[in-house]
Amino acid sequence: MADRQHGKITISALACKDCGAPMYPDMPKGGMSCAYCGHFVPFAPTDEDFTPRITFRHQALETVGGFLKLGHVAIMDKEALNPPPSAEQKIRRMRLDEKIRACDADALDAINDEAYIDMNCPHCGKKLTANLTDNIFTCPYCGQKFGDYDQLSTGDFDATLIVGRKYNFYGKCLPFHLHREEATQAVASLRRRYADDFADDNIEARAKEELIAAYVPVQLADYRWKMQVKSERGTFWFYQECLNWTWTRTLMFDAYLLDELAPWDYSELSILKPAYLEGNVRLFASQNIGEWQRTIPNYILQKKTPARLKAAFGLEQCEPLQVSRDLRKHKFAFLLLPIYFLDCKKDAGENDKQIRVMVNGQTGKAAALILENGKDDLFRAIEPATSYVFAKGGERTILSPPMPVKYIKSPFLHERMDIEDAFEKNSGGFFAKLFG
Ligand SMILES: [Zn+2]
Ligand SMILES: [Zn+2]
């Protein structure tokens, strides 16, 4: 909120003109509400108000004579099973601050600006300190909220705080529902549940100090795939889809960990106005990540498939053999997701065991990623403790169960199978019988 050049800030209370009670910024409603009398003041209009709404372009699964028509996933893509380049692992092991420094050093300076103002609360008179990186801050004694008068009246904000280029910063977001304290509790629950995995890293204590709130840029798409997998019980084909999948538009946060936070509820999409954001939320513009934009969905599919098939069918070893996939982007579907993020320990080296945690700022679902040399990535997640209620019939992330299928006939017609019947007969055995 700071006017760093001039050091002049006029603090303004978010108080109701009618009754004097504190007012609360309400992102979904696009304004500030008085908790006592219901008086409502809309946020100042900004360019973001002209952001077009998302047009969802779902395509229903077609059935013909009882068979599934899977034409959209007909073409096998060998490249889709290429492993990620080694540079990918290097980036995943970098700390967020290092990545920000590499991409936008000015933003890192602005974010880490520890300047604050000492003041007496204009409401209750007690002494309080306000960090200059906070847009709106709250008096801990009386609960009154304050902000920079200029920003509150115009909706302007300090664009230096955006990591990346401002014109790549999306105008739509899902508002935060979870407070920082609740996110810290979610991390604590995760640690209790998987105590052994976090034995040498007290993520709960670290969360109290280091947990940050952030808005992460993603693009929504329907992601659908057909895959052939080799397992300890045989080879089989399955079909699966994730509707309204969040395709990351940045490498700042681990894409695989972010993927663990689904489902998201898109019925609450609103326009982001950073001037009215409470507390310190880090803002990330979308990054041009080149070739990786195209390949990341493949890497995620490869990494996540074995665990999904284990959960669905109890298979211990699944190796993807072939895959065909279809990514159908929705229109104007760029948005920011609210997350809390705990980076790995500050002194963790590139080759040390690293633990990172993310919490879904909407629902409270928490997930950890444990990276350890020579071991597979370990994901740990717990469902939300708070009772976030998804809007009925609204747009949300939907991951279908994996469905074993068998090709029957043209055009692209497949039969749904039970997993027991889906395992392909060992062709070696068949020929052995014929000629043996
Ligand atoms: Zn009022
Ligand atoms: Zn006060």
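Throughout, read-outs are computed from the coordinates displayed, never taken from laboratory work. Note that the structure is predicted; figures quoted are calculated from it, not measured. As a convention, Cβ positions derive from the backbone with ideal geometry for all residues, glycine included, and neighbour counts pool all protein chains shown.
Over the range 314-406, calculate the relative contact order: mean separation of alpha carbon pairs under 8 Å at least 6 apart, over the residue count, as a percent.
17
Take the chain, mark every one of the GluC sites (Glu not before Pro) that falls in a DSSP loop and has at most 13 other Cβ within 10 Å, then report the longest stretch left between them, sites excluded.
In short, 115-231.
Using θ = phi - 60° and the Karplus relation 6.51 cos²θ - 1.76 cosθ + 1.60, list the HN-Hα couplings for the range 262-268 in order, rounded to whole Hz, with x at every Gly or Pro.
4, x, 10, 9, 9, 6, 9
Could you tell me which chymotrypsin sites (Phe, Trp or Tyr not before Pro) in the range 300-377 are loop residues by DSSP with no more than 11 other beta carbons within 10 angstrom of their beta carbon?
Listed in order of number, the matching sites amount to none.
Using θ = phi - 60° and the Karplus curve 6.51 cos²θ - 1.76 cosθ + 1.60, what whole-Hz ³J(HN,Hα) does each residue of the range 114-129 get, with Gly and Pro shown as x?
So the Karplus estimates, Gly and Pro as x, are 9, 4, 8, 10, 8, 8, 9, 4, x, 9, 10, x, 6, 7, 9, 10 Hz.
Just in the range 47-138: which chymotrypsin sites (Phe, Trp or Tyr not before Pro) are loop by DSSP and have at most 16 other Cβ atoms within 10 Å?
When the chymotrypsin sites (Phe, Trp or Tyr not before Pro) of the range 47-138 are filtered for loop state and at most 16 Cβ neighbours within 10 Å, Phe56 remain.
Indicate the gyration tensor shape class of the range 229-288 (rounded, prolate or oblate), computed on the Cα atoms with a ≥ b ≥ c the square roots of the eigenvalues: a/c under 1.5 is rounded; otherwise a/b larger than b/c is prolate and the rest oblate.
Taking the square roots of the gyration eigenvalues as a ≥ b ≥ c, the range 229-288 is prolate.
Let me spell out the model: positive unit charges on the Cβ of Lys and Arg, negative unit charges on the Cβ of Asp and Glu, origin at the Cα centre of the range 21-130. What dipole size does that give, in debye rounded to 20?
I would put it at about 500 debye.
Amide H neighbours of Ile136 under 5 Å, counting only residues 5+ apart in sequence or on other chains, H built in-plane at 1.01 Å?
Gly279
Working out 0.36 nm times the residue gap between Gln228 and Asp376, then minus their Cα-Cα distance, what length gain in nm do you get to one decimal?
Here the answer is 51.1 nm.
Roughly what would the spin-label model give for Lys406 and Asp196, points 7 Å off Cα along C-beta, in nm?
The modelled label-to-label distance comes out at 3.9 nm.
Pick from Thr55, Thr133, Thr250: which residue has the top mean-square fluctuation in a GNM of the chain where Cα pairs under 10 Å get a spring?
Taking springs between Cα atoms under 10 Å, the residue moving most is Thr55.
Give me the distance in nm between label points sitting 7 Å out from Cα along the Cα-to-Cβ direction at Asp18 and Thr160, one decimal.
4.0
For Ala221, list long-range residues whose amide hydrogen, built 1.01 Å from N in the peptide plane, is under 5 Å from its own amide hydrogen.
For Ala221, the qualifying residues are Asn244, Trp245, Trp247, His330.
What does the extension gain come out to for Val41 and His58, with contour length at 0.36 nm per residue minus their alpha carbon separation?
Result for the pair: 2.5 nm of gain on full extension.
For the pairs Lys99/Lys346; Lys273/Lys392; Lys310/Lys409, note any where the Cα-Cα span goes beyond 18 Å.
The answer is Lys273/Lys392; Lys310/Lys409.
Enumerate the calculated ³J(HN,Hα) couplings along the range 402-419 in order (Karplus 6.51 cos²θ - 1.76 cosθ + 1.60, θ = phi - 60°), each rounded to whole Hz, writing x wherever the residue is Gly or Pro.
x, 10, x, 9, 9, 5, 10, 6, 5, x, 6, 8, 10, 9, 6, 10, 6, 4
Apply the a/c threshold of 1.5 to the C-alpha gyration tensor of the range 304-434 and tell me whether it is rounded, prolate or oblate.
Oblate, since a/c reaches 1.5 and b/c is not below a/b.
Over the range 215-364, what is the relative contact order in whole percent, taking alpha-carbon pairs under 8 Å and six or more residues apart?
38
Using only helices, what value at 222 nm comes out for the chain when you add -39,500 (n - 2.57) per DSSP H run of length 4 or more and divide by the total residues, to the nearest 500 deg cm²/dmol?
-6000 deg cm²/dmol
Kindly provide the trypsin sites (Lys or Arg not before Pro) of the range 127-201 that DSSP labels as loop, not H, G, I, E or B, and whose Cβ sees at most 14 other Cβ atoms within 10 Å.
Arg165
What shape does the range 52-100 have by the C-alpha gyration tensor, where a ≥ b ≥ c are the square roots of the eigenvalues, rounded means a/c under 1.5, and otherwise prolate means a/b greater than b/c and oblate the rest?
Oblate, because a/c is 1.5 or more while a/b does not exceed b/c.
I need to check one value: relative contact order of the chain, counting alpha carbon pairs closer than 8 Å and at least 6 residues apart, in percent.
Computed value for the chain: 23 percent relative contact order.
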